[in-house]
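Novice: This structure is in structure tokens; I'll ask about it shortly.
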Amino acid sequence: MKLPRWFHRFGSPPWVYGLAGALGPWIGGIAIVLIAAGTFGGLVLAPPDYLQGDSFRIIYIHVPSAYVSMMAYVILAVAAAIGFIWRLKLAHAAAVSIAPIGASFTFLALATGAIWGKPTWGTFWQWTDPRIMFELLLLFLYLGYMALRAAFEDRDKADRVSAILGVVGVVNVPIIHYSVIWWNSLHQGPTISRLDGPTITTDMLVPLLVMILGFTFFFFWLLLSRLQGEIVEREQATRWLRELVEESPG
Amino acid sequence: MMSFLQMGGYAAYVWPAYGITLLVLVLNVWSARRSHRRKLDRARLSDGREDASKQPTVRRL
């Protein structure tokens, strides 16, 4: 496969380290502005739901964290696959960086969902709700990926073995997404990604989309920051990193 | 203002949910930065030598 020349730079640790450092503050800034605006829209501007009242406002954090938890896993799996197939260390570094972030957003989706479930469904937790169970499985996949890596002394081996788990686990993501269509459960059916258009009014929808975008930027901000750390760890024997740490006394 | 804080009677659910979200977001930033800084510190102290057990091994074909 022929790749464009600029693409090869993504295999260069110093270049990616510098790029992450330059982009990070911008992406972080955009994330904070979007999340602030979305929170204001969701808590203040959006009208209360005719059925759920103000409890529905939890949607503005629950849906974005669930979305990021799944998106992050897909990126982890793609990065792990690239690392496995082309032996690209930076791709493994990206997958490693994603795992703790993804786990935290999965926890957040479960926690906010439980809090929302109490007034809405009458229960914090339901063991028979497929979407809750597969989201819980997603949390175990993230934690399993990290635990598996920790079991290897040799980083190369950890990269390759954990990549297999990462890639296999991705089948869980479409299951979470389609669970509300395949099974009848406490979770409601899709309201946004429908063929006939969203069934949520615009003044409720806009803050939600802003929040989803804000959480996505926030995720990439965290990813760049962790990726920088991961590159430092993997490159500590190289000359460019020696120069970098000598230039910037801690 | 009071009615905003009461969240139509759902304050006990809405505010903890937003609180835990803020906490997770802030902890994420703190933890990512700390990990980056610690790895830089370790690289500075390691003096260019990487732990031999962590070096990738070359396999003879």
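The values are calculated or read from the model by the stated rules, or taken from the named source; none is laboratory data. This one's a predicted model, so the numbers in the text were calculated from it and none came from an experiment. Cβ atoms come from the backbone with ideal geometry, glycine included; neighbour counts cover every protein chain shown. Side chains included, ligands, DNA and RNA excluded: accessible areas come from the protein's heavy atoms. Shrake-Rupley method; radii C 1.70, N 1.55, O 1.52, S 1.80 Å.
Novice: Can residue A:220 be described as among the aromatic types (Phe, Trp, Tyr) and in a helix (DSSP H, G or I)? Give the derivation first.
Specialist: Working: among the aromatic types (Phe, Trp, Tyr): yes; in a helix (DSSP H, G or I): yes.
Yes.
Novice: I've got another one for you. Here is a check on your reading of the model: is residue B:32 touching a Phe, Trp or Tyr at 6+ places or on another chain (Cβ under 7 Å), modelled with pLDDT of 95 or more and within 8 Å of another protein chain (Cβ to nearest Cβ)?
Specialist: Numbers: touching a Phe, Trp or Tyr at 6+ places or on another chain (Cβ under 7 Å): no; modelled with pLDDT of 95 or more: yes; within 8 Å of another protein chain (Cβ to nearest Cβ): yes.
No.
Novice: May I ask you to list pairs of residues, at least six apart or on different chains, whose Cβ atoms are under 6 Å apart, with the first in segment A:125-140 being without any contact (Cβ under 8 Å) to a residue 24 or more places away in the chain and the second being surrounded by 15 or more Cβ atoms within 10 Å (Cβ to Cβ) and of a type in the set (Gly, Ala, Ser)?
Specialist: A:125/A:114
Novice: Now for a different question. In segment A:209-235, how many are hydroxyl-bearing (Ser, Thr, Tyr) and more than 9 Å from every other protein chain (Cβ to nearest Cβ)? Working first, answer last.
Specialist: Taking segment A:209-235 first, the residues hydroxyl-bearing (Ser, Thr, Tyr) are A:216, A:225.
Filter once more, keeping what is more than 9 Å from every other protein chain (Cβ to nearest Cβ): A:216.
Result for segment A:209-235: 1.
Novice: When you check residue A:67 against the structure, is it more than 23 Å from residue B:32 (Cβ to Cβ), open to solvent by 10 Å² or more (accessible area, probe 1.4 Å) and more than 9 Å from chain B (Cβ to nearest Cβ), yes or no?
Specialist: Values: more than 23 Å from residue B:32 (Cβ to Cβ): no; open to solvent by 10 Å² or more (accessible area, probe 1.4 Å): yes; more than 9 Å from chain B (Cβ to nearest Cβ): yes.
No: the conditions fail for residue A:67.
Novice: Additional query: State all residues of segment A:70-89 that are open to solvent by 20 Å² or more (accessible area, probe 1.4 Å) and within 14 Å of chain B (Cβ to nearest Cβ); if no residue qualifies, say none.
Specialist: Just the residues of segment A:70-89 that are open to solvent by 20 Å² or more (accessible area, probe 1.4 Å), to begin with: A:70-71, A:74-75, A:78, A:81-82, A:84-89.
Scanning segment A:70-89 gives A:87, A:88, A:89.
Novice: Yes or no: residue A:21 in contact with a Phe, Trp or Tyr (Cβ under 9 Å, 6 or more places away or on another chain), within 19 Å of residue A:89 (Cβ to Cβ) and surrounded by fewer than 20 Cβ atoms within 10 Å (Cβ to Cβ)? Break it down into steps so the answer makes sense when it comes.
Specialist: Working: in contact with a Phe, Trp or Tyr (Cβ under 9 Å, 6 or more places away or on another chain): no; within 19 Å of residue A:89 (Cβ to Cβ): yes; surrounded by fewer than 20 Cβ atoms within 10 Å (Cβ to Cβ): yes.
Answer is no for this residue.
Novice: While we're on this one: Out of all the residues in segment A:61-88, which are free of Cβ contacts under 8 Å to residues at least 60 places away in the same chain and aromatic (Phe, Trp, Tyr)?
Specialist: Scanning segment A:61-88 gives a single hit, A:86.
Novice: When segment A:135-160 is examined, which residues are found to be open to solvent by 50 Å² or more (accessible area, probe 1.4 Å) and hydrophobic (A, V, I, L, M, F, W, C)?
Specialist: Passing the criteria: A:137, A:140, A:143, A:146, A:147, A:148, A:150, A:151, A:152.
Novice: Mind listing just one residue for me: the one in segment A:90-128 that is β-branched (Val, Ile, Thr) and open to solvent by 20 Å² or more (accessible area, probe 1.4 Å) and, of those, nearest to the other protein chains (Cβ to nearest Cβ)?
Specialist: Residues of segment A:90-128 that are β-branched (Val, Ile, Thr), as a first pass: A:96, A:98, A:101, A:106, A:112, A:115, A:120, A:123, A:128.
With open to solvent by 20 Å² or more (accessible area, probe 1.4 Å) added as a condition, the list becomes A:96, A:115, A:120, A:123, A:128.
On the way: A:96: 11, A:115: 4, A:120: 9, A:123: 13, A:128: 22 Å.
Among residues in segment A:90-128 that are β-branched (Val, Ile, Thr) and open to solvent by 20 Å² or more (accessible area, probe 1.4 Å), the one nearest to the other protein chains (Cβ to nearest Cβ) is A:115.
Novice: May I ask you to list the residues in segment B:10-24 that are within 7 Å of chain A (Cβ to nearest Cβ) and either small (Gly, Ala, Ser) or outside any helix (DSSP H, G or I) (or both)?
Specialist: The initial filter retains those residues of segment B:10-24 that are within 7 Å of chain A (Cβ to nearest Cβ), namely B:10, B:13-14, B:16-18, B:20-21, B:24.
Of everything in segment B:10-24, those that are within 7 Å of chain A (Cβ to nearest Cβ) and either small (Gly, Ala, Ser) or outside any helix (DSSP H, G or I) (or both) turn out to be B:10, B:17.
Novice: Select from segment A:207-241 the residues that are more than 26 Å from residue A:104 (Cβ to Cβ) and β-branched (Val, Ile, Thr) and list them in ascending order.
Specialist: If the condition is that a residue be more than 26 Å from residue A:104 (Cβ to Cβ) and β-branched (Val, Ile, Thr), then A:238 is the only one that fits.
Novice: I'm trying to understand the selection: among the residues of segment A:175-192, which are open to solvent by 60 Å² or more (accessible area, probe 1.4 Å) and not in a loop (DSSP other than H, G, I, E, B)? Full working, then the answer.
Specialist: Our first condition is that a residue be open to solvent by 60 Å² or more (accessible area, probe 1.4 Å); within segment A:175-192, this holds for A:177-178, A:181-184, A:186, A:188.
Of everything in segment A:175-192, those that are open to solvent by 60 Å² or more (accessible area, probe 1.4 Å) and not in a loop (DSSP other than H, G, I, E, B) turn out to be A:177, A:178, A:181, A:182.
Novice: Another question, if that's okay. Can you pull out the residues in segment A:236-248 that are outside any helix (DSSP H, G or I), facing another protein chain (nearest Cβ under 8 Å) and not aliphatic (A, V, I, L, M)? Give the derivation first.
Specialist: Residues of segment A:236-248 outside any helix (DSSP H, G or I): A:236-238, A:248.
From what's left, facing another protein chain (nearest Cβ under 8 Å): A:236-237, A:248.
Scanning segment A:236-248 gives A:236, A:248.
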